[in-house]
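What follows is a single structure, written as structure tokens, with notes after it.
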Amino acid sequence: MSDPFAVLGPHKNGRRWSVTALVPGAESVEVLDGKTGKREAVLHRLDGRGLFSGYVRKGVATGPYRLRAKSGDTTWEQEDAYRFAPVLGEMDEYLISEGAHLELWNSLGAHPMTHQGTKGVHFAVWAPSASRVSVVGEFNQWDGRRHVMRSRGTTGVWEIFVPALPDCSIYKYEIRDQAGNVLPLKADPVGFGAEHPPSTASVVRDLGDYAWSDNEWMATRAERNGHDQPISIYEVHLGSWKRKIEDGNRPLSYLEFASELVAYVRDMGFTHIELMPISEFPFDGSWGYQPIGLFAPTIRYGTPDEFRHFVNACHRAGLGVLLDWVPGHFPTDEHGLGQFDGTPLYEHADPREGFHQDWNTLIYNYGRREVQNFLVANALYWIKEFHLDGLRVDAVASMLYRDYSRNDGEWVPNEHGGRENLEAIAFLQRTNELVYKADAGVMMVAEESTSFPGVSKPTDQGGLGFGFKWNMGWMNDTLDYIGRDPIHRSHHHHQMTFGLTYAFSENFMLPISHDEVVHGKGSMLSKMPGDGFDKFACLRAYYGFMWGHPGKKLLFMGQEFAQGAEWNHDQSLDWHLLDHAWHSGMQGWVKALNNVYGETPTLYQTDCNASGFYWLEVDQSDLSVYAWVRQGKDGTDPVLVVCNFTPTPREGYRLGVPNEGRWDVLLNSNAEEFGGSGHGPASCDSEAIAWSGQSQSIGFDLPGNTAVFFRLRNGLA
């Protein structure tokens with residue numbers, strides 16, 4: 001039945017008014033005057049399904065009447081959901097049909113409201129091929145007969161207002177396909193809350209009006225997120241950053257993160273926190289990368305308002321918040337989006353287009369306007385409703401290519417016979433355009449692992465329109481190099497320099513993410529060759545190379561203090577390691593890198609501009625030494641970065657410098673406070689000795705496995 005309202009509820013029959021009600025299990029039903037509470041009429045039972053009907057006065061039929069039902073010795077009263085008019089209007093219908101409803105979440109989903117003077121919840125869901133849709137839950141004994149929804153014609157949307165239903169009610173949708181078969185109960189695609197896993201129902205959450213107090217941050221974040229600003233990101237998996245061992249080994253809550261995580265990240269000098277996906281997901285082991293509820297912050301750590309409290313606390317502490325966003329695929333769990341209305345609604349019908357072989361997940365049909373609208377609106381939802389400062393879009397490469405991880409014959413070419421997914425490209429471009437139009441101060445970041453052109457170029461220049469792109473090539477090359485025995489590094493010298501041949505072709509971030517410290521890859525510390533002291537020295541030098549290299553920074557939690565074990569999502573980081581000097585020294589080194597990076601415009605102003613970088617020593621493969629200059633926008637305030645990637649000290653090492661004067665040591669990874677030996681250069685006065693193409697040079701002792709930063713005194717020569 002597509003319109004139960006045509007039968008149920010109040011209706012005018014000639015000159016008389018009637019009320020028809022379906023109350024399964026009732027033996028008798030009466031109509032009560034909603035104003036006086038007096039019995040108005042006794043409805044006649046029409047059949048054994050619980051269908052009752054009878055005549056009432058016009059004033060009752062058009063007013064707030066109630067139903068009183070009886071079965072045996074049990075009597076109950078209830079509102080009649082079928083006396084209420086639709087909530088969605090013509091503009092909603094038009095925008096949904098056009099795939100242009102940019103605030104789709106304000107129309108679909110479950111919304112507590114007062115409608116026609118009565119409090120309740122409005123439900124709306126898109127299921128165009130369904131023959132019947134009902135909202136079910138504990139409030140109606142999970143009985144699909146009790147709240148059958150109204151179809152809104154060609155929109156494919158079904159809606160109903162359920163009176164007297166409170167916030168936090170659990171619910172799902174019972175959907176019948178075109179043949180009338182009842183499908184597995186579905187969670188709400190636009191639900192704002194969910195039950196604790198492994199339960200899978202949606203939960204009514206009132207988004208309401210949160211009392212934000214982050215005005216100062218919101219007014220300045222466009223500047224803070226700019227390409228010429230210091231951006232150092234701490235990537236976090238909330239479930240395993242820190243756990244309460246004394247309380248059943250539970251993870252922290254959003255409210256606890258607002259205190260403990262925010263204070264830690266701020267003290268460490270990071271500028272942003274990036275959260276691995278928190279859109280509701282059923283399986284802990286997916287780390288959130290197989291989401292079911294794109295509009296629901298996971299209940300694992302608290303409610304939507306508690307998540308807002310966390311974001312608000314970040315902003316008040318001067319920290320931005322990015323969210324990993326997964327529009328590339330979704331899981332096949334039966335309560336999710338797959339075959340939502342009995343048809344491949346959100347996904348492609350052809351598995352060559354609609355199934356990810358690597359992850360056993362389904363792929364969105366980006367060419368269907370309603371699906372694209374659903375995803376675009378979701379991106380805007382996180383930005384607008386939760387004040388997020390940007391989205392890091394996961395697995396972009398898998399979206400861009402139709403043959404991604406597929407053999408010949410396992411994929412469908414585009415309309416031109418090519419491998420590019422034109423619909424996905426258009427979707428990404430539209431998403432970036434609309435997000436930046438909604439708020440130019442946010443950042444959209446692509447995890448894109450190929451050399452697809454123009455990922456971070458504006459769409460009007462043919463690009464995808466992202467603000468930044470993860471530099472996966474840099475990450476792979478440098479990690480391969482640093483993991484080698486130093487005796488072999490001279491043969492792979494180019495792996496540390498190759499990234500500079502394309503470093504400014506995109507607006508790059510340098511990521512050492514969770515993917516690099518899991519699945520048998522080991523922790524960052526375990527990747528380092530050698531034993532004990534050499535491992536820590538090598539890792540400190542590598543981080544120095546990273547922070548001195550052009551590009552914004554990202555480091556996964558635990559690597560800042562050299563976690564020894566591979567990351568495990570089921571347990572806390574090994575915070576006890578900070579009792580050991582080498583680990584606490586590593587933490588101090590990362591903090592010092594962040595602080596110097598944030599306080600030295602030379603090191604961030606030209607992260608995305610070739611004018612801010614040039615090599616001093618690029619070919620010393622026999623020494624495994626690299627040296628370069630970072631300079632500010634106007635070519636002033638030069639900083640030298642020198643890295644020695646062998647354990648062999650280079651005593652009396654000479655380096656050409658671009659300016660005459662005294663060069664002070666900004667950072668030395670071998671300093672005792674960072675766990676080093678304490679050896680290294682002090683301030684150096686330049687000498688008129690030509691070296692490496694420079695008229696001036698300095699001589700100093702360069703310890704093994706060490707990164708040193710020098711800054712010209714006064715900085716403006």
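Since every read-out is calculated from the coordinates, none of them should be taken as a lab result. Being a predicted model, the structure only gives us computed values, none of them experimental. Virtual Cβ from ideal backbone geometry, glycine too; neighbours counted across all protein chains shown.
Set the Förster distance to 60 Å, then compute FRET efficiency between residue 526 and residue 62 from the Cβ-Cβ distance, nearest 0.05.
Working from the Cβ atoms, E equals 0.20.
Restricting to DSSP loop positions (anything but H, G, I, E, B) with no more than 15 other Cβ atoms inside 10 Å of their own Cβ, which chymotrypsin sites (Phe, Trp or Tyr not before Pro) remain in region 434-533?
In loop regions of region 434-533 (DSSP not H, G, I, E or B), the sparsely surrounded chymotrypsin sites (Phe, Trp or Tyr not before Pro) are 502.
Determine which residues of region 342-356 fall in the zone a paramagnetic label at residue 407 would reach in this model, i.e. backbone nitrogen under 18 Å from the point 7 Å along Cα→Cβ.
Residues 351-353, 355-356 qualify, since their backbone N sits under 18 Å from the label point.
Going by a ≥ b ≥ c, the root eigenvalues of the Cα gyration tensor, does the chain fall in the rounded group (a/c under 1.5), the prolate group (a/b larger than b/c) or the oblate group?
Since a/c reaches 1.5 and a/b is larger than b/c, the shape of the chain is classed as prolate.
Taking only the alpha carbons of region 90-203, what extent do you get along each of the three principal axes, in Å, biggest first?
Extents along the principal axes, in whole Å: 37, 35, 27.
What nm value, rounded to one decimal, do you get for the distance between residue 266 and residue 212 when each label is placed 7 Å out toward the C-beta?
1.9
For residue 449 and residue 118, FRET efficiency with R0 = 45 Å and r from the beta-carbon atoms, rounded to 0.05?
0.25
Could I get the Rg over Rh figure for region 308-407? Both from C-alpha atoms, Rh via Kirkwood, rounded to two places.
The Rg/Rh ratio comes out at 1.05.
Give me P(r) over region 573-717, computed from all C-alpha to C-alpha distances, binned every 10 Å, as integer percentages.
Computed distribution, short to long bins: 12, 39, 35, 11, 2, 0.
Once you sort the root eigenvalues of the Cα gyration tensor of region 4-83 as a ≥ b ≥ c, which label holds: rounded (a/c under 1.5), prolate (a/b larger than b/c) or oblate (the other case)?
Since a/c reaches 1.5 but b/c is at least a/b, the shape of region 4-83 is classed as oblate.
For region 70-117, what are the per-bin percents of Cα-Cα distances with bins 10 Å wide, up to the bin holding the maximum?
Here the calculated profile for region 70-117 is 19, 35, 24, 12, 8, 1.
Take the alpha carbon gyration tensor of region 209-291, find the square roots of its eigenvalues, order them as a ≥ b ≥ c, and report rounded if a/c is under 1.5; if not, report prolate when a/b exceeds b/c, else oblate.
Judged from the Cα gyration tensor, region 209-291 comes out prolate (a/c at least 1.5, a/b above b/c).
Once the piece of chain linking residue 433 and residue 42 is laid out straight, how much longer is it, given 0.36 nm per residue of separation minus the C-alpha distance between them?
134.9 nm
Using a 7 Å offset from the Cα along the Cα-to-Cβ direction at both residue 229 and residue 566, what is the distance between the two label points in nm, to one decimal?
3.8
Could you give the distance between the Cα centres of region 275-324 and region 200-274, to the whole Å?
8
Which order do the peptides 601-609, 691-699 come out in when sorted by mean C-beta neighbours inside 10 angstrom, highest first?
601-609, 691-699
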